[in-house]
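The values are calculated or read from the model by the stated rules, or taken from the named source; none is laboratory data. Fair warning: this is a prediction, and the values are worked out from it, not measured in the lab. Neighbour counts are summed over all protein chains in view; Cβ atoms, including those assigned to glycine, are modelled from backbone coordinates with ideal geometry. Only protein heavy atoms, including side chains, enter the accessible area calculation; ligands, DNA and RNA are left aside. Shrake-Rupley method; radii C 1.70, N 1.55, O 1.52, S 1.80 Å.
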Amino acid sequence: MVIFVVFLVMYLTSLSGNATIAVVVHTNHSLHTPMYFFLANLAVLEIFYTSAIAPLALANLLSMGKTPVSITGCGTQMFFFVFLGGADCVLLAVMAYDRFVAICYPLRYTLIMSWSLCVEMVVGSLVLGFLLSLPLTILIFNLPFCHNNEIYHFYCDMPAVMRLACADTHVHRTALYIISFIVLSIPLSLISVSYVFIITTILQIRSSEGRHRAFSTCSSHIIVVLLQYGCTSFIYLSPSSSYSPEMGRMVSVVYTFITPILNPLIYSMRNKELKDALKKALRKF
């Protein structure tokens, strides 16, 4: 019960924190800029991402791991988890590109980052997440499952489900590794390249106040990227021979429960404009 209450509080905190950011950005006209548009979309993604996992995890905590899940339900949860997680990773790369344009090409920022382009990039991140998730989910659930049907996890994660298959999963593990590599390494490479140019440009700024302001707009994004990519890379890019169900569950707690809580905290604490908007919204209540 204690663990259930802790996880329930984390889930509700994540929902309320991300929903607050999304609502504040939507209602505050001063925050209607590409940076906050992407941040609001990230917050909404986090709400759905956590909600795809938390209810089943909480039910399992109450039933001591005995909550039954149908094959269809398990496949649906896996699809949405991969779809939203993949879109999340791509959106973080989009946010890095936004910061790159803002800092390296400030005079052309409004011209380059038009609203049509911003909407296209958000939709593109969702489409990429969908295109990566659907074939992988179908591939895994075409495996024959027999004998043991108990997942050693608190949700239908891909490595945990594949361990139940009574067939050779070499092709499936290879497909999971390739898709994970695409979802994680390509956006992370784009983020890294963006920040190389960003840091180079910031170091050329003469005033210390200008450098500090530029760094402050990027530092929160860097922290979120390190948390998200660090945990997911540990799970999905580690060799299958070294996969540990116990360690997998522990690390999964970080990026399914803790990271969605930290995202709104990190952004709200390290962003003056967002903090001011939050204070104004709280005063109205």
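In the chain, Cα pairs under 8 Å separated by at least six residues give a relative contact order of 25 percent. Test of understanding: in a Gaussian network model of the chain with alpha carbons linked when under 10 Å, which of Met121, Met64, Met158 would top the mean-square fluctuation ranking? Of Met121, Met64, Met158, the most mobile in the Gaussian network model is Met64. A quarter of the convex hull surface defined by the alpha-carbon atoms of the chain gives 16.4 nm² as the mean projection.
Within the set of other residues whose C-beta is less than 14 Å from the C-beta of Ser194, count the net charge using Lys and Arg as +1 and Asp and Glu as -1.
0
Counted over all Cα-Cα pairs of the range 1-156, pairs farther apart than 27 Å make up 38 percent. Considered as an equivalent ellipsoid built on the Cα gyration tensor, the range 9-51 has semi-axes of 20, 10, 6 Å, the largest given first. In the context of the full set of protein chains, the chain has a per residue accessible area of 52 Å² (1.4 Å probe). As an exercise, identify the trypsin sites (Lys or Arg not before Pro) in the range 155-236 lying in DSSP coil whose Cβ has no more than 10 other Cβ atoms within 10 Å. Counting only loop positions with at most 10 other Cβ atoms within 10 Å, the trypsin sites (Lys or Arg not before Pro) in the range 155-236 are Arg206. What a 1.4 Å probe finds exposed on the chain is 70% carbon and sulfur by accessible area, rounded to a whole percent. Please determine, in degrees from 0 to 90 and to the nearest 10, the orientation of helix 2-27 with respect to the longest principal axis defined by the Cα atoms of the chain, where the helix direction is its Cα long axis. For 2-27 against the chain, the angle is about 40 degrees. Across the range 127-239, Cα-Cα pairs more than 24 Å apart make up 45 percent of the total.
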